[in-house]
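One structure is given below, encoded as structure tokens.
The values are calculated or read from the model by the stated rules, or taken from the named source; none is laboratory data. Since this is a predicted model, take the numbers as computed values, not measurements. Neighbour counts are summed over all protein chains in view; Cβ atoms, including those assigned to glycine, are modelled from backbone coordinates with ideal geometry. Just so you know, the surface numbers come from the protein's heavy atoms only, side chains and all, with ligands and any DNA or RNA stripped out. Shrake-Rupley method; radii C 1.70, N 1.55, O 1.52, S 1.80 Å.
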Amino acid sequence: MQAGLNLARRHARARLFKSFCIAMTMFSVLILGVLVAQVSMLGLPWLDWDFLSSFPSRFPEKAGIKSALFGTLWLVSLTALFAIPTGVLAAVYLQEYAKQNRITRFININIANLAGVPSIVYGILGLAMFVRFMDLGRSVVAGALTMALLILPVIVIAAKEAIRAVPASLRQAAFAVGATRWQVTRAHVLPQAFPGILTGVILALSRALGETAPLIMIGALTYIAFVPAGPMDEFTALPIQIFNWTTRPQSEFHELSSAGIIVLLVVLLLMNATAVYIRYRGSRT
Amino acid sequence: MMNSTVSGSPGNSAEPDPAILEARNVCISYGENLAVNNVSLLIPEKKITAIIGPSGCGKSTLLRSFNRMNDFIDTVSQTGSMTFRGEDIYAANTDPVEVRLKIGMVFQKPNPFPKSIYRNVAWGPMINGMRGDMDELVEAALKRAALWDEVKDRVDESALTLSGGQQQRLCIARALAMKPEIILMDEPCSALDPVSTARIEDLLFELKQNYTIVIVTHNMHQAARVSDYTAFLENGVLVEYGETDQVFTRPANNRTEEYVTGRFG
Ligand SMILES: Nc1ncnc2c1ncn2[C@@H]1O[C@H](COP(=O)(O)OP(=O)(O)O)[C@@H](O)[C@H]1O
Ligand SMILES: [Mg+2]
């Protein structure tokens, strides 16, 4: 044994690769850091209770984000309500019940394709279907249905992957003691897949939180001085408000948009924290 | 039927044991690939029947067909007849769930539920609406599986904290809790160390009093040690089936002799 070991060179390459990975990680973190730092610098001075509890205004000092914040909470909650059960049940069907034949494969491929359709297309669909055809108007429910369509493929794909990762031996064990498909799914597959499904759901809802184009398409408003009282009310949402402020010439409004971004990020972080907490509780019982 | 001389009825003993399971001209394929080829055999009641043969010869496929665990593989198709106490296991009006209540299964790799030891045993009876004292039932099943003494103080702990051998005995307890008549075992010791294997083999002798056991094994010694009857499968064909003694010492078929002696070496 002497030929071709080249140990020194192999170790050197291994170290090189590791350094490369570290560098890439640092790069991503750095970009995020710069963004957050800049947004905080501009936005934090404006961020106070008044900002959160006031409606938009022509005057930067008086302008607030209340309607957009509540609009977003309404929108995301309703979107979750529509998209999570639909997406998870579709995934259960495709993974646990459907025969893995050509039709199922065709459906799977098309769901993957849907995940890549530009969001504006969902906006057009929502406008035609929910706003006009179903006559829901520019209501928050029309927005939520549109968003639900948009994130449905993401939820289905993530849930399917999570369900597929549940070992077949576990299902067999349950079937072998006389369980029905539903009992196996309910008692073993879904609990095992739950953390993965939750991760997918949070990713999808984060997307719904930040999407602007489809909402503008279906005609969500930019200026409203009320919070939605029900699902049929008109609404605006955080990204729309942020976008609107950035288009104003005055620099104060640009700073306001940074404050709005901070609010958006905090909502996002709270959602993620909830998911982490639920996963943690789930893993302990 | 019991006294018929169907090819593959075990043995040439004067008084054949009554059969509980019967396979007649069973062929099983995965798509185009024929895995079990025209197998007919009678499984005698309250005996241990071993199925041996080289890897990939269709042992697991045949075993799983007895309690319809092949139903979950989309590509499988099966012909021929299979009966449990004379009733067609594959009849249109036979509920596979009911079949699995009567015919339990233990798998190659221990596969306890990632739940407590207690729940592993209790879940099956619970979802099947069994009445009576659940604690008692769990204790009885664990005792029968020779696991009770080791776990009686920790039945609420996760089953995953048990050793591999203990997990496999837990899986046996889980099957026993369903009060089945037959237990199918697919190489139940192949993932275990020799000591755990010996414990499970001892257990098999105990269980034989009350249950019919069909065990797949790639281990010649194990088949010779534990079973009353042995079926030798090769390329999906049942080459020989008879009393274990006879199959190992005076095999009727050359192939069997080569396989059995080759392994005994
Ligand atoms: N799920 C499956 N899909 C397709 N072919 C399979 C499947 N399981 C087993 N087979 C094939 O069927 C044959 C018998 O397999 P198996 O019953 O597992 O053999 P054994 O248990 O004797 O090793 C093999 O050729 C194997 O490749
Ligand atoms: Mg096998």
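With all protein chains in place and ligands, DNA and RNA left out, the 1.4 Å accessible area ranks A:R164, B:R64 as A:R164, B:R64, largest first.
Round to the nearest 10 and give me the degree value, 0 to 90, for the angle of helix B:164-176's Cα axis relative to the longest principal axis of chain B. Around 80 degrees separate the two axes. Peptide B:172-182 is shielded by partner chain Cβ atoms: per residue, an average of 1 of them sit within 10 Å of its Cβ.
About the Cα centre of the protein assembly as shown, what is the dipole size in debye to 20, counting +1 per Lys and Arg Cβ and -1 per Asp and Glu Cβ, all else neutral?
Details: 49 positive and 45 negative charges, 288 e Å.
Roughly 1380 debye for the protein assembly as shown.
Rolling a 1.4 Å probe over the protein chains gives B:D17 an accessible area of about 50 Å².
Placing one equal scatterer on every Cα of segment A:51-284 and applying the Debye formula, the log10 ratio I(q)/I(0) at q = 0.08 Å⁻¹ is -0.36. Count Lys and Arg as plus one, Asp and Glu as minus one, and take only other residues whose Cβ is under 12 Å from that of A:P56; the net charge is then +4. Chain A contacts chain B over a buried accessible area of about 1600 Å², both sides summed; the probe is 1.4 Å and only protein chains count. Taking each of A:K18/B:K109; B:K152/B:K208; B:K47/B:K102; B:K102/B:K143 in turn, the alpha-carbon distance tops 26 angstrom for A:K18/B:K109. Residue by residue along A:168-174, Cβ atoms of other protein chains within 10 Å of the local Cβ number 6 on average. Only alpha carbons enter this Debye calculation for the protein assembly as shown, each as an equal point scatterer, and the log10 of I(q)/I(0) it gives at q = 0.08, 0.11, 0.12 Å⁻¹ is -0.73, -1.00, -1.09. The angle separating the long axis of helix A:102-114 from the principal Cα axis of greatest extent in chain A is about 40 degrees.
Antiparallel DSSP bridges in chain B: what percent, to the nearest 5? The antiparallel proportion sits near 60 percent.
Taking every C-alpha pair closer than 8 Å and separated by at least 6 residues, the mean separation divided by the residue count of chain A gives a relative contact order of 27 percent.
Counting Lys and Arg as +1 and Asp and Glu as -1 over every other residue whose Cβ lies under 15 Å from the Cβ of B:E136, the net charge comes to +2. Electrostatic bookkeeping for B:G104 treats Lys and Arg as +1 and Asp and Glu as -1; over the other residues with beta carbon under 11 Å from its beta carbon, the sum is +3. Of all aspartates and glutamates in the structure, those lying under 18 Å Cα to Cα from A:K62, and not within fewer than 8 positions of it along the same chain, are A:D48, A:D50, A:E252, A:E255. From helices alone, chain A scores -23000 deg cm²/dmol at 222 nm; the rule is -39500 (n - 2.57) for each run of n ≥ 4 DSSP H residues, then divide by the residue total. Once the gyration tensor of the Cα atoms in segment A:1-135 is diagonalised, the equivalent ellipsoid follows with semi-axes of 44, 35, 13 Å, ordered largest first. In chain B, the DSSP-assigned H stretches of four residues or longer account for a calculated mean residue ellipticity at 222 nm of -10000 deg cm²/dmol, using -39500 (n - 2.57) per stretch and the full residue count as denominator.
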